[in-house]
1. With +1 assigned to the C-beta of every Lys and Arg and -1 to the C-beta of every Asp and Glu, and no other charges, what is the dipole magnitude of chain A about the Cα centre in debye, to the nearest 20?
2. Could you list the residues of segment A:452-490 with an amide nitrogen less than 19 Å from a label point located 7 Å from the Cα of A:Glu587 in the Cα-to-C-beta direction?
3. Quick one: accessible area per residue over chain A, 1.4 Å probe, rounded to a whole number of Å²?
4. Please report, largest first and rounded to whole Å, the three semi-axes of the ellipsoid equivalent to segment A:388-485, where each semi-axis is the square root of five times an eigenvalue of the C-alpha gyration tensor.
5. In nanometres, what is the gap between the two model label sites at A:Val623 and A:Met575, each 7 Å from Cα along Cα-to-Cβ?
6. Tell me the accessible surface of A:Met575 in square angstrom (1.4 angstrom probe, heavy atoms of protein chains only), to the nearest ten.
7. If you take the alpha carbon radius of gyration of chain A and divide it by 2.2 N^0.38 Å, what ratio comes out, to two decimals?
8. Explain nothing, just the number: relative contact order of chain A, from Cα pairs under 8 Å at least 6 residues apart, as a whole percent.
Amino acid sequence: MKYKIKKFFIQFKGFSKKKIEGIDSICRMPYLNKMDQFASELPIHKYKDQILQLICENPIVMITGEPGSGKTTQIPQYLLESSDLPRILKSSKLKIAITQPRRVAAIAMARRVSYERKCGLGKEVGYSIRFEDCTSSKTQIKYMTDGVLLREALQDNQLSRYSVVILDEAHERSLDTDILLGLLKQVVQLRKDFRLVVTSATLDIELFQNYLGNCPLIQIEGRQYEVEVLHSAVKSDLRVEFAVNAAIRIHLHEGLGDVLVFLTGSEECEKACRVCFDTLQKLVAKGKPVPSMMILPLYGAMPSEEQSKVFKPCPEDTRKVIFSTNIAETSLTINGIGFVIDCGYIKQKAYNPRTGLDALMVTPISKQQAKQRAGRAGRTQEGKCFRLYSESFFEEQMAESAVAEIKRVNLSSTILTLKALDIRDVINFGFIEPPDHEALLMAHKQLFLIGALDEDGSITELGRSLASLPLEPTYSRCLIASLIFKSYSEMLSLVAMLSTENIWQNVPKMDLENTENAKQAQLQFIDKSGDHVTYLKVFDSWRDNEYSEAWCYENFINARALRQARDIRGQLKTMIKNFRISGLPEEKLYNELMEKKALSSDSSIRLRLALCFGFYMNAARAVSYGQEGSYLSVSDGTMLHVDKQSSISILGKYPPWIIYTHLSGSTLSHGSLKVLSKIRSEWIEDLTPKLSQANLERLVGLQKQKRPREPSINEEKEAEDPAIKVNQARERYLKRKVKNDT
DNA sequence: GAGCACTGC
C-alpha cells in the first residue's frame, strides 16, 4: 500500500527583488544570536548583589523580568558563586533546582548554562525530564520540568535534597507549578535551611506577592524592542480571510521581517495557506509585481520534521509567512519575526464537572495573551502587530489573564497527588487560586470509586500505588487490575496508547483522497470488541514492523504518538514489577470466572475485564428503543451517542453494554463516545453499587469525622498573610454553603 | 451536523 504524503508548505514564486521597482518590501531580516551575548551585558547583571542579599536574608523572594532579562540562566549561577549562602543554608555544596513548564526549555537552559560555565552537560549543570535524566552526583544546578519536581516530592515531601528551588515562569500558572507553589510555601515554614525563588512576567505581581506573604520583589527590565499595535475590527467568522489579506498587505507594503499569524486551529491554518497562495496568484494574473513568499502552517499535530521547517532560513528575497496556532505563543520561538497578526481568539478545552464532559471551544484570548502575541514581533528588532479586533474589544471583552489550568481540568490526578503528599485536608490546601468546589467534589468521588480513597477521604494502600504511577489514576487502576486478569502486558500497551495524543494521523478534511485512504488504513486494525483492542492491534503491528516510521506514514498513524506510547510503556514496565496488592475486588471476579470456566485465554476479554475496574462508572447500556448507537450512562442516566469514528460505529453492530474511556461534547445532549468497547453486564454488577455509596461531604472532610484527624503539614495555626485569610474565609463560606444546601 | 488548542509525569 502506498499513499501520497501530504505537503506542508507552499512556496510562492514571485518576482525577484531587482525586477520590482518602487517596492521596498523585501523580506529577510538579519537577527542577533543571543548565544553570543556576554553574561555581563544582560539586564540582570546590575542586580546581582541585590538579588543575592535578598535571598540570603529572606526565605521567599520574587523576581520579575520580561524575556531576555537573563533571569533563568543567571540566578542559579549567582547563587553558586555566593560565599555567604552556603553558610546561611548550612550546606557546603548547594543544590539548586530550577523548574520549567516545558521540556525543551529545561534542556535548552541547561545547555546554555553548562556552556557558560564551561562544564560538560550532566556534570555541574544538568537537567531532568521524563524519560531523560541528565544529571550526576556532581550536579548542583538542575533544570527540570515542574512535573518531575512534583514526582520527586512524592518520595520526599520536604525536598530535602535541594537548598534552593527556583519556580520559573510561574505566571504561566501550569497545574504543576500551582501545586508546587502551595507545597513549597509549606516547606519554607518547616525548613530554615531552604530558599524559594519565584519568577514571573510582570503581570499578576500583586497576586503572587500577596500569596507569598508580601515577600520582597525585584523587577528587572527585559530586552524587548518596541512593537507598534494597530487595531482593526473584523467579523470573527471571516478571520481567516482577513488574516490572509493583512499578511498580503504587509508583504506588499511593509519593510523587513517575517510574518507570524495567530489563528485558532489546524484547519484554519491549512485553509489560510491555500487562500493566501490563491490570492497571490490572482494578483500576479492581474499583472501586479508580487515578491516571493514562503507560506507555512504551524500546529502541534503536525509531524515534528514539518514543524521544524519554520526555523529554517529561506532565500533572501523571500518572505516567510507562518499561519500558526498558539503553539508559537510560548512553546516555539521563531527568530526574525517583524510582524504579528493576531485574530484575538484561542481554542480552549472547557471541562464541565457536572457532566464530566470536555469540549474545545473558541474563546477570546486574555489581554496578557494578546500582549504575549504582540511581543513575538519585537524579539529581534522593532515590529508591528495587527490585531483583528477593536480596541474596545480588547478593553471590554478580554479578561486580564487566562483562566488558570487548575480551574479548567479534571482534578482527580492532582487530588491524589496531594493526598499522597500526606496533605489530608486538600480543600484547605493553600492554593494560589482555589479550584471550583464542584470540581473538587467530583475528583474525590472518582478517586473513591476506584478505591484510591476510603469513605473518609483518606488515601488507601491502593491509592498510594496508583499515585506512584505517572498516569491518570483511572488508567493506573486498570493496570493493577490487569495483574490479576493476567493481561498486564497488553494493558501496559493500552494505557500508554490512551495516554498520548491522537494516534490517528490528522488529515485535513479538504484532502478527500487521503481522508478516504486514511479510513481504509484504519479498517485493517479494527477489532469487533471495540476501540481498545483496536488500539492494541495498532501498537502490536507497529512493533511487528520494527517500530518503523515509514509504516506509520503508510498507515496514517501518528508516529510521534506511537513513539511516546513506546516510551511510556517502557517507563511503566520498570515500575509495575514490584506491585503486589492483596484484597482487591477483582480477585473475587477472577476466581468466580475461573470456577465457571468462563474466562477464556482470549486476551481481548481479559483486557476489557481489567478495563472495567478503572472505568465501571463509564459503563452504559443500549437504550432498548430509539436509534442505534444510543446508550444510557450507568452512573447518572444521561444519554450518550457513539461517535462515528469509533470502531463500533464503523462496524455498525451495537452491543447491549459498553464501557468508554473518552467522551466529549459541548452539551449534555451531545455527549459523544469516542473510545469505547463492548463489555458484559456481569463484569460490573459487583462494582456499580458503589456508585450510590459516595457521601461527598464525608469524602472531602466537611462532615464530622469519626476518628480524630491526623495533623497535616499544611495546617497553620494562624494565617498571617491576607491571601490565606481570604482563602480561609472563602472555604468557611463554602463549608456553610454546602451544609445549608443539604 | 459538529469537530480534531497546548503542555506535562
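The values are calculated or read from the model by the stated rules, or taken from the named source; none is laboratory data. Just so it is clear, the model here is predicted, and its values are computed rather than measured. Cβ sites come from the backbone with ideal geometry, for glycine too, and all protein chains shown count toward neighbours. For the accessible areas, the whole protein counts, side chains as well, though only heavy atoms, and no ligand, DNA or RNA atoms are used. Shrake-Rupley method; radii C 1.70, N 1.55, O 1.52, S 1.80 Å.
1. 1040
2. A:452-454, A:460-466, A:477-488
3. Spelled out: the 1.4 Å probe surface of chain A, per residue, equals 46 Å².
4. Over the Cα atoms of segment A:388-485, the ellipsoid semi-axes are 35, 16, 10 Å.
5. So the two model labels end up 4.0 nm from each other.
6. Using a 1.4 Å probe on the heavy atoms, I get roughly 70 Å².
7. 1.02
8. This gives 13 percent for chain A.
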